[in-house]
Amino acid sequence: EINSIIKGKKATIGIALYNPNNGKMLTVKGDRHFPMQSVYKFPIVLKVLSEVDKGRRSLSDSIFISSKDLLPNTWSPIRDKYPNGNIRMSLADIVRYTISQSDNNGCDILLKLIGGASAVNSYIHSLGITNMNIEKTEAEQHEAYNVQFRNWTTPIVAVQLLNLFYNKKILQQNTHDFLWTTMTETSTGSIKNKIPESIIVAHKTGSAPNPGHSVTNDIGIILLPNKHTILYAIFIMDSKDSSEADYRIIADIAKIIYKNNYNK
C-alpha cells in the first residue's frame, strides 16, 4: 500500500515504521541519509532536557532574548510576537516554541545555551545513536542550500532515537512527560490530516520548500485506541512536486498506519 503511494513520485522518499509491541519494522530506503531540517530540533531538545535532568538547567529558568537573537527572514513565531526582542522567556516556553511551532530562532537560542551543535552531536552519539549528524545551526542552514545536508539521519536511526524516548531510556519522568506533551501539541505538518482527530500523535516536523529540491519530513509516535503504538520516520527530499503533494504523501501513510493497526 505504501509503495502504491510513493510509486512514480518525483522525489526521494525514505520511511521507517516500527511497532515496539512486536519489534517489527517496515522500511523504504531506511539506511539512506536524509537532511533533517527542523526534525533535528527533537534531538536538540533532548540534549536541553538532559541538562535539566542533571540540575544544570531548570524549565523555569528565565532566558534573556535580545533583538539580535531574533533574526529576520526565518520562521519564528517568537519574533512575530516580540518583534523588538529584549524580553525574558522561560526555558520551557522556548522549548515549546521550538518543538510545537518549529521556531528557528528559538532553536538557535537553545543551541547557544547548551554549547552549540557539536555538543548535541556528542550527546546523541553517547546514546548509541551514531548514524546521525548534527553540525549546523538554523542560521547557518539559511546561508546556502547544501548546508542542510550537514544535519542528517536515516529513517531507521530516527526511529531508534524515538524508541529510546518512547521507552523512557533517555529522560527522567518529568522532563519526558513535558516533551511528550509538547510534541503532541505540534501544530505543523500533515500527519493527522487523514486520521481521526482523537488519535494522539507526538511528533516533530521539518521542511524546506526549495523549488525542484524540496524537503518535507515528519517523525513521531502514533498511539492508537487499541493500545497499538507505531513509531514512524518519513523523509522526502529532492522533491519536484508541490509542498501540498508531499504533505499528502505523509498524510496518506498515516492513514495506512491507522487502517492496518487499529481493528475497529
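Lys255 meets all of the listed conditions (1) touching a residue at least 60 places away in the same chain (Cβ under 8 Å); (2) more than 18 Å from Thr12 (Cα to Cα); (3) in a loop (DSSP other than H, G, I, E, B) but one, namely (3). Those strands (runs of 3 or more DSSP E) of region 185-248 in which at least 2 residues are over 22 Å from Gln160 (Cα atoms), considering only elements entirely within it, cover 229-239. Here Ile170 meets the list (1) farther than 20 Å from Gln148 by Cβ; (2) touching a residue at least 60 places away in the same chain (Cβ under 8 Å); (3) open to solvent by 50 Å² or more (accessible area, probe 1.4 Å) almost entirely, failing just condition (3). Can you tell me which residues in region 108-137 are under 24 Å from Asp238 (Cα atoms) and either open to solvent by 10 Å² or more (accessible area, probe 1.4 Å) or not β-branched (Val, Ile, Thr) (or both)? The answer is Asn131, Met132, Asn133, Glu135, Lys136, Thr137. When the test is whether a residue is in contact with a Lys or Arg (Cβ under 9 Å, 6 or more places away or on another chain), surrounded by 12 or more Cβ atoms within 10 Å (Cβ to Cβ) and either in a helix (DSSP H, G or I) or not β-branched (Val, Ile, Thr) (or both), Gly30 does not pass it.
Of all residues being under 17 Å from Leu224 (Cβ atoms) and among the hydroxyl-bearing types (Ser, Thr, Tyr) in region 155-201, which is modelled with the lowest pLDDT? Just the residue, please. Ranking the qualifying residues of region 155-201, first place goes to Ser198. Assigned to a loop (DSSP other than H, G, I, E, B), open to solvent by less than 30 Å² (accessible area, probe 1.4 Å) and either more than 21 Å from Gln141 (Cα to Cα) or in contact with a Leu (Cβ under 9 Å, 6 or more places away or on another chain) (or both): is that true of Gly85 in this structure? So Gly85 fits the description; yes.
Selection of region 138-155 for residues being buried (at least 20 other Cβ atoms within 10 Å of the Cβ) and either touching a Cys at 6+ places or on another chain (Cβ under 7 Å) or not in a strand (DSSP E or B) (or both) yields Glu138, Gln141, Gln148, Asn151, Thr154, Pro155. Restricted to region 216-247, and to residues there that are open to solvent by 40 Å² or more (accessible area, probe 1.4 Å) and within 18 Å of the chain's Cα centre (by Cα), the residue that is farthest from Lys194 (Cα to Cα) is Leu223.
Looking at Gly55, is it farther than 26 Å from Gly128 by Cβ and either open to solvent by 20 Å² or more (accessible area, probe 1.4 Å) or at pLDDT 95 or above (or both)? So Gly55 does not fit the description; no. Val28 meets each of the listed conditions (1) within 20 Å of Phe235 (Cβ to Cβ); (2) under 18 Å from the mean Cα position of the chain (by Cα) apart from (2).
Out of contact with any Lys or Arg (no Cβ under 9 Å at 6 or more places or on another chain), assigned to a helix (DSSP H, G or I) and more than 18 Å from Thr182 (Cα to Cα) - does that describe any residue in region 60-72?
Within region 60-72, one or more residues are out of contact with any Lys or Arg (no Cβ under 9 Å at 6 or more places or on another chain), assigned to a helix (DSSP H, G or I) and more than 18 Å from Thr182 (Cα to Cα).
The values are calculated or read from the model by the stated rules, or taken from the named source; none is laboratory data. Note that the structure is predicted; figures quoted are calculated from it, not measured. Glycine also receives a Cβ, built like all others from the backbone with ideal geometry; neighbour counts cover every protein chain displayed. Note: areas computed on protein heavy atoms with side chains; ligands, DNA, RNA excluded. Shrake-Rupley method; radii C 1.70, N 1.55, O 1.52, S 1.80 Å.
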